[in-house]
Amino acid sequence: MSDRYLQLDKLTLAYGDTVAVKGLDLAIAKGELVALLGPSGCGKTTTMRSIAGLLGPVSGRITLDGDDITRVSANKRNVGLVFQSYALFPHLTVYENVAFGLRLKGIGGKDLDAKVSAGIRSVDLAKFVDRKPAELSGGQQQRVALARSMVMEPKVLLLDEPLSNLDARLRLEMRAELQRVQKETGVTMIFVTHDQIEALALADRIVVMVNGGIEQIGTPEEIYNKPVSAFVADFVGFENVFALENGKLATSNSVVALSGPAPQAAKGLAWRPRMVTLGSGPFQGTVRGTSFAGDTREYLLDTPLGAIKAEVDAELPAHTIGATLAFDLPLAAAAPLSRYR
Ligand SMILES: Nc1ncnc2c1ncn2[C@@H]1O[C@H](COP(=O)(O)OP(=O)(O)O)[C@@H](O)[C@H]1O
Ligand SMILES: [Mg+2]
C-alpha cells in the first residue's frame, strides 16, 4: 500500500475541449520526492492542480493514503501547494502568514504558537518572524511559503516550479533546503520543474512528461544514462540522437552504416557530446563552430550524418573552423533507445 500512497489512475484532464493530460497512470510511495520534468505546456501544472483538487478530472481516479479523493474538495484533501509566485499575504507578518491556515483549522493558543515557531525555525527564519513579505528576499519569501504549507502537515506537498523566480545561487540554496526539509519530515513531495539539472539533483524518482502523457519514469541515474526515447535523450543532454533503420543510422538525408551491430531491438541510438571520439574514427566532419566551455571545448561538425556535437578536453590542441576531422560514434558508449518517436 505505502508504495502506492498517492495513486493516479488513467487520469484525463481538460480545460473545456482542450485535453491537457491523457490517461495518466502514476503511483508514488510515502516519503518519496518525485519530480515532474518536462517542457512548458506538457501538463505538469494541470496534473498538480488535479492532485490539489483545484481541477476535477474528465475521467480517472486519484487515491491518497487509501482514500479515493477524486471528488473530495481541495480544502479537505490535506494536500499542500507551493507555487512559483509565493502568494503570501502582504499585510501579514511572517508569523501570521505561517499561522494563517492553522487558525482557519481552529488551532490557537500554545498549540498554534508551538507549530508556527517550529515551522519558522525549520526554514531558518526565526530572526524574521515580525517582518512583512516585502521586507524579505525572494528566497526568504519562498521559505515562508514552504513553512506555511509544512505546518499544515500535508499528506503530500506539491511544489510547482518553486525555484524558478530565484537567481542561480539562491536556487542552489533552496534546493538543498527543500531536500533537507523533506528528509527531516519525511513528507511526500511532488516537485515540478522544466530544469533537468534540478530534477536530477533533487528527486528520488523523475517522471518525464511530454504532450500530456508520461514518457519515462525512473531514478535520476536511469533518466540520465538510459533514456528510453529520442525525446528524453534530447531533453537530458544527448545532443546526437539518431533513428536506427535495419541496423544503420538514419538521418533525414542519408543512411550510414555503423562500425558494428547495433543493440538488438533498439529503435535509435544517442550519444552525449563528450561520448564522441574526435581525431580518429571512420567518419569525417568539418568544423563549423567551436566554443570554449572552461574544462572542455565544444565542436559543431558538419558531417554526412548531419550536425554532430562533440566535447573534448580543453587542454587538447584546438581545431579551427573549416578543419576536416575524423570522428567516431563509439557503439559501446551509445544509449540504445527503445522508441525513436
Ligand atoms: N486555464 C487554461 N485554459 C485552457 N488551457 C489551459 C489552461 N491552463 C493550461 N492550459 C493548457 O493545458 C496544457 C498544459 O498546461 P500546463 O499544465 O500549464 O503545462 P506545464 O505546467 O507543463 O507548462 C497546455 O497546452 C496549456 O496551454
Ligand atoms: Mg506549469
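Summary of computed values
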| quantity | calculated |
| --- | --- |
| Residue list for segment 302-341, restricted to those being out of contact with any Leu (no Cβ under 9 Å at 6 or more places or on another chain) and among the hydrophobic types (A, V, I, L, M, F, W, C) | ALA314, ALA318, ILE321, ALA323, ALA332, ALA333 |
| Some residue of segment 98-121 being free of Cβ contacts under 8 Å to residues at least 12 places away in the same chain, within 20 Å of LYS183 (Cα to Cα), open to solvent by 40 Å² or more (accessible area, probe 1.4 Å) and not acidic (Asp, Glu) | yes |
| Any helices (runs of 4 or more DSSP H) falling wholly within segment 30-130 and containing at least 2 residues that are of a type outside the set (Ser, Thr, Tyr) and within 16 Å of ligand 1 (Cβ to nearest atom) | 44-52 |
| Selection from segment 13-24 of residues that are assigned to a strand (DSSP E or B) and more than 21 Å from the chain's Cα centre (by Cα) | ALA14, TYR15, THR18, VAL19 |
| Among the candidates ALA134, ALA147, residue that is surrounded by fewer than 15 Cβ atoms within 10 Å (Cβ to Cβ) and either part of a helix (DSSP H, G or I) or within 28 Å of the chain's Cα centre (by Cα) (or both) | ALA134 |
| Conditions (1) surrounded by fewer than 17 Cβ atoms within 10 Å (Cβ to Cβ); (2) among the basic types (Lys, Arg); (3) out of contact with any Leu (no Cβ under 9 Å at 6 or more places or on another chain): number failed by ARG272 | (1) |
| Residue satisfying all of: in segment 241-269; in contact with a Pro (Cβ under 7 Å, 6 or more places away or on another chain) and within 15 Å of ALA332 (Cα to Cα); surrounded by the fewest Cβ atoms within 10 Å (Cβ to Cβ) among these | SER259 |
| Residue within segment 163-172 that is within 14 Å of ligand 1 (Cβ to nearest atom), open to solvent by 10 Å² or more (accessible area, probe 1.4 Å) and not hydrophobic (A, V, I, L, M, F, W, C) present | yes |
| Test result for GLY237, modelled with pLDDT under 95, open to solvent by 30 Å² or more (accessible area, probe 1.4 Å) and away from ligand 1 (no atom under 16 Å from the Cβ) | no |
| Per-region count, segment 204-223, residues more than 14 Å from ligand 1 (Cβ to nearest atom), touching a strand residue (DSSP E or B) at 6+ places or on another chain (Cβ under 9 Å), outside any strand (DSSP E or B) and open to solvent by 10 Å² or more (accessible area, probe 1.4 Å) | 4 |
| Residues that are touching a helix residue (DSSP H, G or I) at 6+ places or on another chain (Cβ under 8 Å) and either among the acidic types (Asp, Glu) or over 15 Å from GLY138 (Cα atoms) (or both), drawn from segment 70-96 | ALA74, ARG77, VAL79, GLY80, LEU81, LEU92, TYR95 |
| Subset of segment 6-24 (residues that are open to solvent by 10 Å² or more (accessible area, probe 1.4 Å), within 20 Å of LEU159 (Cα to Cα) and away from ligand 2 (no atom under 16 Å from the Cβ)) | GLN7 |
| Among residues of segment 182-203, those that are more than 14 Å from ligand 1 (Cβ to nearest atom), open to solvent by less than 30 Å² (accessible area, probe 1.4 Å) and within 18 Å of VAL79 (Cα to Cα), counted | 4 |
| Search result, residues across segment 257-277 that are modelled with pLDDT of 95 or more and either part of a strand (DSSP E or B) or acidic (Asp, Glu) (or both) | GLY268, LEU269, ALA270, TRP271, THR277 |
| Residues of segment 45-62 that turn out to be more than 16 Å from ligand 2 (Cβ to nearest atom) and either open to solvent by 20 Å² or more (accessible area, probe 1.4 Å) or farther than 19 Å from SER2 by Cα (or both), as a count | 7 |
| Candidates ALA35, ALA27, filtered to the one that is under 17 Å from the mean Cα position of the chain (by Cα), surrounded by fewer than 17 Cβ atoms within 10 Å (Cβ to Cβ) and either aliphatic (A, V, I, L, M) or outside the structural domain of GLU153 (by TED's automatic domain parsing) (or both) | ALA27 |
| Residue in segment 324-332 that is open to solvent by 80 Å² or more (accessible area, probe 1.4 Å) and β-branched (Val, Ile, Thr) present | yes |
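The values are calculated or read from the model by the stated rules, or taken from the named source; none is laboratory data. Not measured: the values here are computed from a predicted model. As a convention, Cβ positions derive from the backbone with ideal geometry for all residues, glycine included, and neighbour counts pool all protein chains shown. Heads up: the accessible areas ignore ligands, DNA and RNA and are worked out on the full protein's heavy atoms, side chains in. Shrake-Rupley method; radii C 1.70, N 1.55, O 1.52, S 1.80 Å.
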